[in-house]
Amino acid sequence: MADQPVLGELPDQRAVFRRAAPWLRGHRVALAAAVLLHLAGAALAVGVTAAIGRVVDAADDGDRDALVGRVLLLLVLVAATGVLTWASRYWLIRVGERVLAGLREHATAAVGGAPLRFVEAHRGGELLRRLTGELDGLARFAGGTLPDLVAAALVLVFTVVMLALHSWPLTLALLCGFLPPAVLIVRRFQRRAGDAYAGVAAAETAVAARFAESLPAREQLRIAGGVPRWLRRFRADNDRLRAAREREVVTELTLNLLTLLQAGCVAGLLVLSALFVGYGRLSVGVAVVFVLATRDILGRFEDLAASLGEARSAHVRLARLLDLVRATGASPAGAVSGGGDDPVGLPARGRLVLTGVGFTYGPGAPVVDGLSLTVAPGERLVVVGPTGAGKSTVGKLLAGLYPPDRGTVTYGGHELTALTARSLRSRIVLVPQEVTLVAGTLGENLAMVAGRPGPDRVAAVLDTLGLTGWVASLPGGLGTALEADSLSTGERQLVAIARAVLADPAVLVLDEATAGVDRETAARIEDALSAAAGDRALVVIAHRAETVARAHRVLTMPEGTVGAGRR
């Protein structure tokens, strides 16, 4: 079996920002502008504190002219700080949202273009969580916490520099009394935060996946009496999430020690400032600046430390999203596997050939082993066999949805793995047993193929397939709005067949197109298939005797033997 990349529940969190750097292409100038705006805003914010000290000194000296001038300067600084703070915050949020929008598009394209084996190897809720929950969390961080985090860090640095220019002994005393214990508290938090936030993300994913898997099966769960068993499993997932949340809360409470440290430092600085003023080594204005700035420093540091929790959570979310992109094989440019140029001379109609093909889902015996087969244009091959014999697997191998573990699958002499996704899907189309329709009209669902066929083309195909009367019998014809249960299983198959013929493939593969439908609808599907055949190859996976009777050849699984049909 070929190695299949899988998503890690706790992905690699090392060098996340270096790995994310390529996704910032095209946004670096905007990010530089955001940083410059924040630098200017932080500098002005610190300037306001220094200006307050100068106002106090002018008032203490009784210099009215200097007092008026300094008050006016203070007002200008306050106004400018407000404008720059708003502008820097807005610009950073704007840039962050654009980066996330691009990442969202790339991640969605990566999953959409990922190999089918990758998608089938993961729970639907896991992929959905990474495409929605992780990005939503990053968006909240970019729009709320990140601007505060950047502003707090810059103001903190500029304030320390400003205080050092006023009195380096007091600044040194402040740093020595505050920084060592503060760093120890933050490091203790950081050691625990990675596992705590990753554990919450994994537990949330398990709960979301359990819901996503149960909703489509709600009727079956009730009929089979499986609701209590599902609730027990959900309770186990929920208990895991509760325990993870408790560990997260305990980890975040570590940062509350900073509040006690802040109170002690402010009290100590007040005493030192009073002594310096009393000995004439410090003016009253500078003492006021130190008191105000110290409270600001400690408050900003506390905000910074509090934001570290959300930053660590965002770090884990980004790691999980990058793990998704890595596992799908997507590049920062949004390309997925199967890109590049097509080989020269790819025919519009050609032979589909399997040579010594083997395929295994997991440890154990292969599902398909050494299968060799040729399907010619205009031929109708029916694949039969008991449930679990590998019929659907053969269909997916023929359609290029599964690359073989051994051997080759070629169309027109070219391996399917060498074709671009667009060309492969234009030559070979698979109609699955479970047909999914999107919200919209019947006409919009039919037109969901490359080239967006117009009404005339859609009408011509419906007429060829003998479906014009059926469409006319619907309440709104092609304009009929489709809901979740508005069409029966057989009618959905008719829509899928018409959509496939609109793509005009060389090979049409149908997986149990008539399974679970009444005889009349099955006959209509068979007639539509016969009309769709023409010079294209049909590969039909089926159980019905009526379907087998129309075959040119029959492939019997799991033996892999080919015999003549009754036709």
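The values are calculated or read from the model by the stated rules, or taken from the named source; none is laboratory data. Quantities reported herein were computed from a predicted structural model and do not represent experimental measurements. Every residue, glycine among them, receives a Cβ derived from its backbone with ideal geometry; neighbour counts consider all protein chains shown. Please note that ligands, DNA and RNA were not included when accessible areas were found on the heavy atoms of the full protein model with its side chains. Shrake-Rupley method; radii C 1.70, N 1.55, O 1.52, S 1.80 Å.
Let me cross-check MET557: its accessible surface, 1.4 Å probe, with only protein heavy atoms counted, in Å² to the nearest 10?
10
From the backbone phi of region 100-114, what are the Karplus-calculated ³J(HN,Hα) couplings (6.51 cos²θ - 1.76 cosθ + 1.60, θ = phi - 60°) in whole Hz, Gly and Pro given as x?
Rounded to whole hertz, the list is 5, 4, x, 5, 4, 5, 5, 5, 5, 5, 5, 5, x, x, 6.
Can you tell me the dipole magnitude for the chain around its Cα centre, using point charges on the Cβ only (Lys, Arg +1; Asp, Glu -1), in Debye to the nearest 20?
I would put it at about 700 debye.
Report the gain in length on full extension from ALA460 to VAL83: 0.36 nm times residue separation, minus Cα-Cα distance, nm rounded to one decimal.
Working: separation 377, 0.36 × 377 = 135.72 nm, distance 6.25 nm.
Extra length from ALA460 to VAL83 when fully extended: 129.5 nm.
Please give the helix 227-253 orientation as an angle from the longest Cα principal axis of the chain, in degrees from 0 to 90, rounded to the nearest 10.
Roughly 20 degrees, rounded to the nearest 10.
Would you please give the residues with an amide H less than 5 Å from that of THR441, counting only those at least 5 places away or on a separate chain, with H modeled from the backbone geometry?
When sequence neighbours closer than 5 places are left aside, the close amide H contacts are LEU482.
Pairs of Cα atoms under 8 Å, at least six residues apart: use those to get the relative contact order of the chain, whole percent.
In percent, rounded to a whole number, it is 16.
At what distance in nm do the modelled label points of VAL438 and GLU120 sit from each other, each positioned 7 Å from its Cα along Cα→Cβ?
Inter-label distance under the simple model: 2.4 nm.
On a 0 to 90 degree scale, rounded to 10, what angle separates helix 168-214 from the longest Cα axis of the chain?
Compared with the principal axis, the helix lies near 20 degrees.
What residue among VAL157, SER372, PRO347 has its Cα farthest toward the positive end of the dipole of the chain, where the charges are +1 on Lys, Arg and -1 on Asp, Glu, each on the Cβ?
It is SER372, whose Cα lies furthest towards the positive end.
For a Förster distance of 51 Å, can you work out the FRET efficiency between the beta-carbons of ALA421 and LEU253, rounded to the nearest 0.05?
0.55
What 222 nm value per residue comes from the helices of the chain, counting each DSSP H run with n ≥ 4 as -39,500 (n - 2.57) and dividing by all residues, nearest 500 deg cm²/dmol?
On the way: 20 runs with 343 residues, N = 567.
Theoretical 222 nm ellipticity from helices: -20500 deg cm²/dmol.
Please arrange HIS543, HIS38 by accessible surface area, largest first, computed with a 1.4 Å probe and ligands excluded.
Ranked from most to least accessible, the order is HIS543, HIS38.
Ordered by residue, what ³J(HN,Hα) values in Hz, to whole numbers, does region 410-417 give under the Karplus form 6.51 cos²θ - 1.76 cosθ + 1.60, where θ = phi - 60° and Gly and Pro are x?
Listing the rounded values in order: 10, 10, x, x, 10, 5, 4, 5 Hz.
With a Förster radius of 35 Å, plug the Cβ-Cβ distance of SER473 and ARG222 into 1/(1 + (r/R0)^6) and report the FRET value to the nearest 0.05.
For R0 = 35 Å, the calculated efficiency reads 0.60.
Which ³J(HN,Hα) values in Hz, rounded to whole numbers, follow from the phi angles of region 158-165 under the Karplus curve 6.51 cos²θ - 1.76 cosθ + 1.60, where θ = phi - 60° and Gly and Pro get x?
3J(HN,Hα) across region 158-165, in whole Hz: 5, 5, 4, 4, 4, 5, 4, 5.
Can you list residues whose amide H is under 5 Å from ARG406's amide H, if they're 5+ apart or on another chain and H is modeled 1.01 Å from N?
GLY358
Treating only the Cβ of Lys, Arg, Asp and Glu as charged (+1, +1, -1, -1), what charge dipole size does region 22-167 show about its Cα centre? Round to the nearest 20 debye.
That gives region 22-167 a dipole magnitude of about 700 debye.
Taking amide H positions as placed in the peptide plane 1.01 Å from N, state which residues far from LEU430 in sequence (5 or more) or on other chains have amide H under 5 Å from it.
Close amide H contacts, sequence-distant or interchain: VAL509.
Would you be so kind as to identify which of ALA42, PRO455, LEU257 lies farthest towards the positive end of the dipole of the chain, taking Lys and Arg as +1 and Asp and Glu as -1 on Cβ and the Cα centre as origin?
So the residue we want is LEU257.
In degrees between 0 and 90, to the nearest 10, how far off the longest principal axis of the chain does helix 257-278 point, with axes built from Cα atoms?
20
Kirkwood hydrodynamic radius, the chain, all distinct C-alpha pairs: what's the number in Å?
Details: mean 1/r = 0.0344 Å⁻¹.
With all distinct Cα pairs of the chain included, I get 29.1 Å.
Go ahead and collect, in residue order, the members of region 357-387 whose backbone nitrogen is under 13 Å from a label point 7 Å along the Cα-Cβ direction of GLU559.
In region 357-387, the label zone of GLU559 (backbone N under 13 Å from the point 7 Å along Cα→Cβ) covers 384-386.
Just name one of VAL6, ALA481, VAL495: the one whose Cα is farthest towards the positive end of the charge dipole of the chain (beta-carbon charges, Lys/Arg +1, Asp/Glu -1).
The listed residue farthest towards the positive side: VAL6.
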